[in-house]
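> One structure is given below, represented as structure tokens, and several questions about it will come after.
Where a number appears in this text, it was derived from the coordinates with a stated rule and is not lab data. What you see is a predicted model; the values in this text were computed from it and never measured. Quick reminder, even Gly has a Cβ in these numbers, built from the backbone with ideal geometry, and neighbours come from all protein chains shown.
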Amino acid sequence: MKYHLLLPPGLRLRTRQLVTAYVNHSKSTNLWITQINSEEVNKKGPHPSVKAFSFRSENEAKETAYVNAPPKMIPFDMVSHCFGCEGKFNTVFRRPSHCRNCGVCICASCSTAWSKAMVPETYNYKNARTIKLPRKDAVLMKDDSDVTRMVARGEMDRVKKDMRCTGSESI
């Protein structure tokens, strides 16, 4: 049986491209180590961020690497229009910002702010109090969304599959 996520009309999605995460086994501790290097994301700052997590199983380490690896940000100079409304960016009225969940460039009217507690720590390399996300990510997690109903019914395999298709698997 094939499932499809029902999206509101006009909602576009982009599959995320993640920064590199490494999973290695430590023989001395017999633990699996996940290392996420956010240096690819934080090209402007002088302090690259490296996060490491340890697990007893390889599967846990790989899942953590997948969920906590932040997306690669699309460079501002490569994008001239907002991913949400397709309005043209300019330096005064419509300035671009990055979605911390999928890396697209969005304008202020197409974004919403979430508390830093609502996204993985590895996505917040600037240590900001709020994180900008496109409204589409907020729509996917509303109480009346298909995703929320699937979670309530315990259909986690279906949720994982659908979220991987949308690029929003970490929210």
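> Could you pull out every residue, at least 5 positions away or on a different chain, whose amide H is within less than 5 Å of the one on V19? Hs are placed 1.01 Å off N in the peptide plane, and Pro or chain starts have none.
K72
> Taking amide H atoms as placed 1.01 Å from N in the peptide plane, list the residues 5 or more away in sequence, or in a different chain, whose amide H sits under 5 Å from that of L31.
S26
> Could I ask something else about it? Which value in nm describes the separation of the simple spin-label points at S97 and S28, placed 7 Å from the Cα toward the beta carbon?
It works out to 4.3 nm between the two label points.
> Let me ask you something else. Please give the length that would be gained between S109 and N90 if that part of the chain were fully extended, namely 0.36 nm times their separation in residues minus their C-alpha to C-alpha distance (nm, one decimal).
5.5 nm
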